[in-house]
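Below is one structure, written out as structure tokens, with a few remarks after it.
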Amino acid sequence: MASDPAVVGEALGVAMAAASFFAGLAGAAGLRSILRRGDGGGTRRANAAMAAASAVVAIAAWGFVTATRAAVAPAAPAWYAAAGGAAGLLVGLFPRAAGVPLALAAFASAALLSAGLSGWLPWTPGTEAAAVTVYAAGPGGSSIALRYAARGGGIVEQDLSFGPGDLRLTFELVDVRGPASLAFGRRRYRLSGASADGDGALIKGDRGPLLDALGGGRLAKALGCSVAELETPPFEPEALAAVAYTLRDDGAIAMEER
């Protein structure tokens, strides 16, 4: 994580939200003590406030040390602080009325993201996403062997034939923003097609219900996900030519001849 400033910034933002959440809990305990003075629960609320304040100090110390070492600022600090503080205050004042819905919303969001992104491969720079070997090429078209990465670390090999023209591969990329990027990474991808000047073949694969339309639906965007297409540079097929497609750190895919 330390090598990726964007992810470090996101982690710091989440830490700020967590600290604000516990600060909100401490504030709620103080308000409840003022509003319910003399009901016999003052000691319990004071202990809860002290525990929450200790959590704030511990998280803030970790965030300060991490930000100083990485020289990275928290991502969207005002938004995270406001969201965490409001959630902590509501949960502290109304544990059941606010705490249960917030917990259910968090679990539902995590479940939706896990299901929606399960069919996509993690973006790991330096990984070979696909490779093409041309075993026949001529005026009438070309035949290739396409090899690409699959879920679970598997490899799929597929024979395809095209009409005349330069060959291209099309990838779909998921951009993951917000706290979800800590669990699922900033990018995920899948190979979606191969073509030669309009003569194309679709690659089978499930995009998942969360990303069923290009660009993602409203729910996907609300959860911090969007989809874009990336078409590789064309190359002229020649018999026994081979090219590999490698993931880059900047979100591009490099094509290298072998």
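Numbers at a glance
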read-out	value
Identity of the residue in the stretch 217-258, part of a loop (DSSP other than H, G, I, E, B) and in contact with a helix residue (DSSP H, G or I) (Cβ under 7 Å, 6 or more places away or on another chain), that ends up surrounded by the fewest Cβ atoms within 10 Å (Cβ to Cβ)	224
Members of the stretch 105-153 that are in contact with a Gly (Cβ under 7 Å, 6 or more places away or on another chain), closer than 30 Å to residue 222 by Cα and among the small types (Gly, Ala, Ser)	115, 116, 118, 119
Selected residue [crowded, with 20+ Cβ neighbours inside 10 Å, touching a residue at least 24 places away in the same chain (Cβ under 8 Å), in a helix (DSSP H, G or I) and not assigned by TED's automatic domain parsing to the domain that holds residue 220] from 86, 67, 23, 55	23
Residue 190 being farther than 21 Å from residue 107 by Cα, surrounded by fewer than 20 Cβ atoms within 10 Å (Cβ to Cβ) and among the basic types (Lys, Arg)	no
Residues of the stretch 106-121 satisfying the condition of being surrounded by 14 or more Cβ atoms within 10 Å (Cβ to Cβ) and either in the same structural domain as residue 23 (by TED's automatic domain parsing) or touching a Lys or Arg at 6+ places or on another chain (Cβ under 9 Å) (or both)	116, 117, 119, 120, 121
Residues being in contact (Cβ under 8 Å) with a residue 12 or more places away in the chain and assigned to a helix (DSSP H, G or I) - total across the stretch 143-190	6
Evaluation of residue 103 against (1) over 30 Å from residue 190 (Cα atoms); (2) outside the structural domain of residue 18 (by TED's automatic domain parsing); (3) more than 21 Å from the chain's Cα centre (by Cα) (one fails), failing number	(3)
Residue 134 being in contact with a Pro (Cβ under 6 Å, 6 or more places away or on another chain), touching a residue at least 24 places away in the same chain (Cβ under 8 Å) and assigned to a strand (DSSP E or B)	yes
Selection count where residues are surrounded by 17 or more Cβ atoms within 10 Å (Cβ to Cβ) and under 10 Å from residue 21 (Cα atoms), scope the stretch 70-82	2
Tally of residues being part of a helix (DSSP H, G or I) and surrounded by fewer than 15 Cβ atoms within 10 Å (Cβ to Cβ) across the stretch 89-101	5
Residue match in the stretch 114-128 (condition: farther than 30 Å from residue 249 by Cβ and not small (Gly, Ala, Ser))	no
The one condition in (1) surrounded by 15 or more Cβ atoms within 10 Å (Cβ to Cβ); (2) under 25 Å from residue 196 (Cβ atoms) that residue 136 fails to fulfil	(1)
Criterion violated by residue 126 - all others in (1) more than 30 Å from residue 247 (Cα to Cα); (2) assigned to a loop (DSSP other than H, G, I, E, B) satisfied	(1)
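The values are calculated or read from the model by the stated rules, or taken from the named source; none is laboratory data. Remember, predicted model here, so these are calculated numbers, not experimental data. Using ideal geometry, Cβ is built from the backbone for each residue, glycine included, and neighbour counts are taken over all protein chains shown.
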